[in-house]
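The values are calculated or read from the model by the stated rules, or taken from the named source; none is laboratory data. These figures come from a predicted structure and were not determined experimentally. Positions of Cβ are backbone-derived with ideal geometry, glycine not excepted, and every protein chain shown enters the neighbour counts.
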Amino acid sequence: MKFIKSSFIGLITFILIILELIIGFGTLAIVNIPRAIIPLKPFKIFLARFSNQIGDITVYGLKLIMLLMHGNRIQIINETEYDLDKWYMAMSNHQSWADIFVLLVTANKRIPLLKFFMKKELWWIPFVFLANKTLNMPFVNRHSKKAIAKNPSLRTKDYENTLKSCKRFLRAPSTIFSYAEGTRFTEEKHRNQNSEYINLLQPKIGGMATALSAMPNIDTLIDFSLVYKSKKRDAWSFLNGEMRDVKVYIKSYKIPDNLKGKNYSNDKVYREEFKEWVEGIWFEKDKKISELKF
């Protein structure tokens, strides 16, 4: 009986989420059709702000679905108020593809709409492609250190592509989001990295540092720490509610002035200073996750 109930919840949740995304992104696709016809900057700014509003409404719909199907089981731990008319940078630990729904719901109407850096390999997924085209969520290439060492020009190319994508965020208040670990956490990856953190993989900071180069008006980094009660991390476990118990700890950090307006691509000193700053946050975050565990 328990299996039948959880399967029913999972199926209905999946259907409702798909319907919500179809309605939301379908509306965004229609609204953004004139962008190719009217290439005027004021119109693009208006369209970006309007698209963000539709995005927020779509996320609110996802929030209602999760409340209906899973109950109010997300514990948000946060004492800071944010300005919806400002730009922010955000990051989080990454444990499951379901993180994106938890983060969107947690951030909804609390901070400007999250804009995710997305792997270019995912462009073929309809919703990912539409997010890129209608909400200015950029595709990025993530080359390994080995590949960059073999072909150093890749670092410059990645930097320029990310810089170009990030400048579109200036059209409307947004929160630029990056999974600093670059991939989902698993025990195997943790061992292979020989990570010095207990609960986290090593942070990768190139995307965030580049975004700051493009957007010096960002003053605050918002860090999300996700802790699930369940050990399961697969998509079905999220849909059927087995992962519904989650704590989300939110903390803000003022971005030091010496880390703004620099060129991550060719400034070695800046890369080291940014790396040290993020790693300091990462150690603090690692300790907090241990404290938050169920």
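What to note about this one:
- Just one of the listed residues (K86, K2) is free of Cβ contacts under 8 Å to residues at least 40 places away in the same chain and basic (K, R), namely K2.
- Conditions (1) exposed (fewer than 13 other Cβ atoms within 10 Å of the Cβ); (2) at pLDDT below 90; (3) not small (G, A, S); number of the one not met by T186: (2)
- Residues in the range 85-95 that are surrounded by 14 or more Cβ atoms within 10 Å (Cβ to Cβ) and more than 20 Å from K287 (Cα to Cα): K86, W87, Y88, M89.
- Residue list for the range 215-261, filter: out of contact with any strand residue (DSSP E or B) (no Cβ under 9 Å at 6 or more places or on another chain) and either surrounded by 19 or more Cβ atoms within 10 Å (Cβ to Cβ) or not in a loop (DSSP other than H, G, I, E, B) (or both): A235, W236, S237, F238, L239, N240, G241, E242, D257, N258, L259
- Any chance S265 is in contact with a helix residue (DSSP H, G or I) (Cβ under 8 Å, 6 or more places away or on another chain), of a type in the set (G, A, S), in contact (Cβ under 8 Å) with a residue 40 or more places away in the chain and part of a loop (DSSP other than H, G, I, E, B): yes
- From the list A209, A172, the one residue that fits, being of a type in the set (G, A, S), within 16 Å of the chain's Cα centre (by Cα), at pLDDT 80 or above and surrounded by 18 or more Cβ atoms within 10 Å (Cβ to Cβ), is A209.
- Unmet criterion (only one of (1) crowded, with 20+ Cβ neighbours inside 10 Å; (2) assigned to a loop (DSSP other than H, G, I, E, B); (3) touching a Leu at 6+ places or on another chain (Cβ under 7 Å); (4) of a type in the set (S, T, Y)) for Y197: (3)
- Test: E160 is surrounded by fewer than 17 Cβ atoms within 10 Å (Cβ to Cβ), charged (D, E, K, R) and modelled with pLDDT of 90 or more: no
- Residues that are part of a helix (DSSP H, G or I) and more than 18 Å from the chain's Cα centre (by Cα) within the range 55-75 comprise G61, L64, I65, M66, L67, L68, M69, H70, listed in sequence order.
- Pairs with Cβ under 6 Å, 6+ apart, first in the range 10-27 and in a helix (DSSP H, G or I), second of a type in the set (V, I, T) and surrounded by fewer than 18 Cβ atoms within 10 Å (Cβ to Cβ): none
- Residue check for E121: assigned to a helix (DSSP H, G or I) and at pLDDT below 95: yes
- Among the conditions (1) closer than 19 Å to L114 by Cα; (2) touching a helix residue (DSSP H, G or I) at 6+ places or on another chain (Cβ under 7 Å), the only one that I9 does not satisfy is (1).
- Verdict on P203 being under 25 Å from G280 (Cβ atoms), at pLDDT 90 or above and not in a helix (DSSP H, G or I): yes
Table: residues versus (1) farther than 18 Å from F294 by Cα; (2) among the aromatic types (F, W, Y).
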residue: Y60; (1), (2): yes, yes
residue: L64; (1), (2): yes, no
residue: L68; (1), (2): yes, no
residue: Q75; (1), (2): no, no
residue: Y82; (1), (2): yes, yes
residue: A90; (1), (2): yes, no
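- Check on V102, surrounded by 13 or more Cβ atoms within 10 Å (Cβ to Cβ), over 23 Å from L170 (Cα atoms) and in contact (Cβ under 8 Å) with a residue 40 or more places away in the chain: yes
- The set of residues from the range 76-105 being assigned to a strand (DSSP E or B) and not polar (S, T, N, Q) comprises I76, I77, Y88, M89, A90, M91.
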